[in-house]
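The values are calculated or read from the model by the stated rules, or taken from the named source; none is laboratory data. Just so we're clear, the structure is a prediction, and the values are computed from it rather than from any experiment. Cβ: placed from backbone, ideal geometry, glycine included. Neighbour counts: every protein chain shown. Heavy atoms of the whole protein, side chains included, go into the accessibility calculation; ligands, DNA and RNA do not. Shrake-Rupley method; radii C 1.70, N 1.55, O 1.52, S 1.80 Å.
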Amino acid sequence: MGSIDANTAALPAFNAGVDGSFQPLNPDDVRAYLHKAVDFITDYYANVESMPVLPDVKPGYLQEELTASPPVHSAPFDVTMKELRASVVPGMTHWASPNFFAFFPSTNSAAAIAGELIASALNTVGFTWQAAPAATEMEVLALDWLAQLLRLPSTFMNRTSAGRGTGGGVILGTTSEAMLVTLVAARDAALRRSGSVGVSGITRLAVYAADQTHSTFFKACRLAGFDPANIRSIPTGPDTDYGLDPTKLLETMQADADAGLVPTYVCATVGTTSSNAVDPVGAVADVAAMFSAWVHVDAAYAGSACICPEFRHHIDGVERVDSISMSPHKWLLTCLDCTCLWVRDAHRLSGSLETNPEYLKNDATDSGEVTDLKDMQVGVGRRFRGLKLWMVMRTYGTAKLQEHIRSDVAMAKAFEGLVRADDRFEVVVPRNFALVCFRIRASGAMTEQVADEVNRLLMERLNKSGKAYLAHTVVGNRFVLRFAVGSSLQEERHVRSAWELIKKTTDEIMQCSI
């Protein structure tokens, strides 16, 4: 598959200049290649529903199908596209499929794709305002627009009616980055507060989160230099629907303070990955305030729902936290990667992350009127992520974005009703947003341990069928299936078809086990 015939090889691979020189941005090539790419994308979305959600390939398959060594000579773009269709697409897990119900969704839209395409073409490297004024201004505008949709307090805004605010935002790649940069800022503040010389006191700093918090939090803590012995994972249970218990948090923080440690950072989650649990933001902030600890709210998935008034209460108390992040690339129709981070005091973040080499000094930065976004992230270089987010909000408007969220929630609610109506199944935790956690219940002679194995078998058979893809988690020591609604192409018929497949597969498993 990696070779081409002699006739194809003789075709020109690209348009050369008048002197025969290589021109990678020849206008005719740009137009021709992008038209073919757009046709490919359009065809892909038209046909993805019929493709197996999970591919049937083995590790190393692509190197066997395509040449293991890089080509020396050029080839027509059509050859590249042919190999893309023949070898790459069949090896994809199709997150865009309407039959994808695993993890949280990775949504997309025509406006986002167009924004990403244009941003890639402009290829700006916006580390300072001067390096990319429009890109910086667009990011600021998009973040302030989204902050207004979430009804965040003005203290998190880049610009307010009174002018430049003390807070602000930045678009990062992932939630992990948002956690890492805020952990670094909180670490430095706690070291100063405790009178530490340099980082000598870092072994006394302690951080806190519920045991349902995403694993990336604990990874980010290690990257930020916190002693693993001082990373507290607070147990949760069904009494709080697996949300963080403020009473347990207070007890843990107080015990650390009494032992001479410095409570530094608390991560509250709105919509945990396992079960969509919601930590009580306001109550957590009240506890953390007793110790002057930084509070970060991770609303990566469920934050998008908070643009709807009926879900906004889940982040009540946000005015008392130090930072909040959410990822439009999960549920707000904006393709990867796009994680929005807002902080109440931008200077606390930039104070820990800024760099000021001579070659980046300029009048705009020196004026203090702008924030160089390089100083709110780990690296220096950055992409024009704000364009696609702005294009999504500008193209669809608040009403359509809310309609999108509500439609997904309604489909998840309908699926939950189907599960509850079948006595063989149980909904393990109350449904929040558009995730349903369910399982075949242990009944009669079936023990919980056997039920775990039956549910694991159900998931394996569903996924192997190629007709649906579900993921699992463990809640309360029980193996649980996660059914996440939200793929951009999903309609109610896909949800009902998945339920019919689940019932049919369960029938087959139960008959074999009798």
(message) Charges on Cβ only, +1 for Lys and Arg, -1 for Asp and Glu, centred on the Cα centroid of the chain; of Ser194, Pro98, Ser352, which one is farthest towards the dipole's positive end?
(response) Pro98
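Contour minus end-to-end for Ser497 and Thr398, with contour as 0.36 nm per residue of separation and end-to-end as the Cα-Cα distance?
32.6 nm
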(request) May I ask what percent, to the nearest 5, of DSSP beta bridges between residues of the chain are antiparallel? (result) 60
(request) Decide, for region 222-313, between rounded, prolate and oblate: order the square roots of the alpha carbon gyration tensor eigenvalues as a ≥ b ≥ c, take rounded if a/c falls under 1.5, and otherwise choose prolate if a/b is larger than b/c, else oblate. (result) prolate
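Subtracting the Cα-Cα distance from 0.36 nm times the residue separation, let me have the gained length for Ala86 to Asp29 in nm, one decimal. If you can, show how the numbers build up before the last one.
Details: separation 57, 0.36 × 57 = 20.52 nm, distance 2.26 nm.
In short, 18.3 nm is gained.
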(request) Could you go through region 45-52 in sequence order and give the Karplus-derived ³J(HN,Hα) for each residue, using 6.51 cos²θ - 1.76 cosθ + 1.60 with θ = phi - 60°, rounded to whole Hz, and x for Gly and Pro? (result) 5, 6, 10, 4, 4, 8, 8, x
(request) Based solely on C-alpha atoms, express the radius of gyration and the Dmax of region 269-397 in angstrom. (result) 16.8, 50
(request) Can you check what the net charge comes to around Asn123, using other residues whose Cβ is under 15 Å from the Cβ of Asn123 (Lys, Arg +1; Asp, Glu -1)? (result) +3
(message) Rounded to the nearest 20 debye, what is the charge dipole size of the chain about its Cα centre when +1 sits on each Lys and Arg Cβ and -1 on each Asp and Glu Cβ?
(response) 480
(message) Between (1) 24.6; (2) 25.3; (3) 23.8, which entry matches Kirkwood radius over Cα pairs in Å as derived from the coordinates of this structure?
(response) (2)
(request) Please work out whether region 289-359 counts as rounded, prolate or oblate from its C-alpha gyration tensor, where a ≥ b ≥ c are the square roots of the eigenvalues and a/c under 1.5 means rounded, while otherwise a/b larger than b/c means prolate and anything else oblate? (result) oblate
(request) May I ask you to compute the full-extension gain from Ser443 to Ser74, defined as 0.36 nm times their residue separation minus their alpha-carbon distance, rounded to one decimal in nm? (result) 126.4 nm
(request) Name the residues whose placed amide hydrogens come within less than 5 Å of the amide hydrogen of Trp294, ignoring near sequence neighbours (fewer than 5 apart) on the same chain. (result) Tyr265, Val266
(request) Obtain the nm distance between the two label points defined at Leu223 and Asn123 by a simple spin-label model: each point lies 7 Å from its Cα along the Cα-to-C-beta direction. (result) 2.7
(request) Taking the dipole about the Cα centre of the chain, with the C-beta of Lys and Arg at +1 and of Asp and Glu at -1, give me whichever of Val48, Ala268, Pro71 is farthest to the positive side. (result) Ala268
(message) Just to confirm, what accessible area per residue do you get for the chain at 1.4 Å probe, in whole Å²?
(response) 46
(message) Calculate the FRET efficiency for Val57 and His313 from the Cβ-Cβ distance with a Förster distance of 45 Å, rounded to the nearest 0.05.
(response) 0.50
(request) Quote the FRET efficiency, to the nearest 0.05, computed for Met290 versus Val378 with a Förster distance R0 of 35 Å and r equal to the Cβ-Cβ distance. (result) 0.70
(message) Quick check: at a probe of 1.4 Å, how many percent of the accessible area of region 291-389 sits on carbon and sulfur atoms?
(response) 50
(request) Could you run the Karplus curve 6.51 cos²θ - 1.76 cosθ + 1.60 with θ = phi - 60° over region 436-446 and give me ³J(HN,Hα) per residue in whole Hz, x for Gly and Pro? (result) 10, 9, 9, 6, 5, 6, 6, 8, x, 7, 7
(message) Strictly over 30 Å apart at the Cα level, which of Lys58/Lys374; Lys248/Lys503; Lys330/Lys464; Lys36/Lys413; Lys400/Lys503 would you flag in this model?
(response) Lys58/Lys374; Lys248/Lys503; Lys36/Lys413; Lys400/Lys503
